[in-house]
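Below: the structure, in structure tokens.
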Amino acid sequence: MALLPILEYPDPRLRIRAEPVTVVDDGIRRLAADMLETMYSAPGIGLAATQVDVHKRLIVLDVSEGRDQPHCLINPEIVAAEGKINSEEGCLSVPGTYDFVDRAKQITVRALDTSGSPIEIQAADLLAVCIQHEMDHLDGKLFVDYLSEMKRQRLRKKALKKARHDGPEKASSPRRHPAPVI
Ligand code: K1U
Ligand code: ZN
């Protein structure tokens, strides 16, 4: 397995709309395993293929406390949505930024699993929020797009300043351990 570099805002590749997966083969299973390893290492509770510069409709998630309930959803589709939840979100592609976003509170999602079999998941609260956040990535959308114009301008300035400081690296380097808190 391998840790994959994660693209950071405002990288234009985060805006590419992902294509459906046509065949669930060993290449897709390897990508899912690498994405899970990258997500756990970051650490995060979700990751979309778009964030690792692969433009296929595949997301991985684990919102469990024990970090032992991984989900891999291929070609996910929301077929029902109910209620509203306003909760704080973060994003591995927008490090250091957290803000509140409105989402559906309960969703029903249809997808393929890593064997290529159809599955249906009923998700609520954090899992529902995380699935919606990751599915937005597949459409080239970021949670900051829901924020006010003023907040987005401030964020863009901060990100461009950071990119100038960090140099022309194409994506953030994978970290084997969380960055130390100074
Ligand atoms: O898509 C991503 O970049 C991952 C993102 C998912 C997400 C977080 C919060 C609400 C909706 C979607 C993250 O995982 S950010 C990191 C994070 O929230 C977290 C990390 C470790 C433990 C618990 C949470
Ligand atoms: Zn994200």
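Quick note: the coordinates plus some simple rules give every number you see, no bench work behind them. Keep in mind that what you see is a predicted model, and the values were worked out from it rather than measured. So basically every Cβ, Gly included, is an ideal-geometry build from the backbone, and we count neighbours across all protein chains shown.
Using a cutoff of 8 angstrom between alpha carbon atoms and counting only pairs six or more residues apart, the relative contact order for the chain works out to 27 percent. Here is what passes the span test in the chain: the DSSP H helices with alpha carbon length of 15 Å or more along the helix axis and a Kyte-Doolittle mean of -0.5 or above are 26-41, 125-138. Annotation: amide H-H contacts under 5 Å for residue 46 (H modelled 1.01 Å from N, sequence separation of 5 or more, or interchain): 62. Bridge orientation summary for the chain: considering DSSP beta bridges with both residues in this region, about 95 percent are antiparallel.
Per-peptide packing, taken as the mean over residues of other Cβ atoms within 10 Å, places 40-49, 106-115, 126-135 in the sequence 126-135, 40-49, 106-115 from highest down. Across region 63-68, computed HN-Hα scalar couplings (Karplus, 6.51 cos²θ - 1.76 cosθ + 1.60, θ = phi - 60°) run 9, 6, 5, x, 6, 10 Hz from first to last residue, x flagging Gly and Pro.
In the chain, helical runs assigned H by DSSP with n ≥ 4 each contribute -39500 (n - 2.57); averaged across all residues and rounded to the nearest 500, the mean residue ellipticity at 222 nm is -8500 deg cm²/dmol. One equal scatterer on each Cα of region 1-109, no solvent, Debye formula: the resulting log10 I(q)/I(0) at q = 0.10, 0.15, 0.21 Å⁻¹ is -0.30, -0.71, -1.37. Taking a ≥ b ≥ c as the square roots of the eigenvalues of the Cα gyration tensor, an a/c ratio of 1.5 or more together with a/b larger than b/c marks region 31-70 as prolate. Think of each Lys and Arg Cβ as +1 and each Asp and Glu Cβ as -1; about the Cα centre, that makes the dipole of the chain roughly 900 debye. Counting charges near residue 47 (Lys, Arg +1; Asp, Glu -1) among other residues having Cβ under 11 Å from its Cβ returns a value of -4.
When only alpha carbons are used to place a centre, region 20-48 and region 106-134 end up 15 Å from one another. Once the mean of 1/r is taken over each pair of separate Cα atoms and inverted, the chain shows a Kirkwood hydrodynamic radius of 16.8 Å.
Across all directions, the shadow cast by the convex hull of region 62-148 built on its C-alpha atoms averages 6.2 square nanometres.
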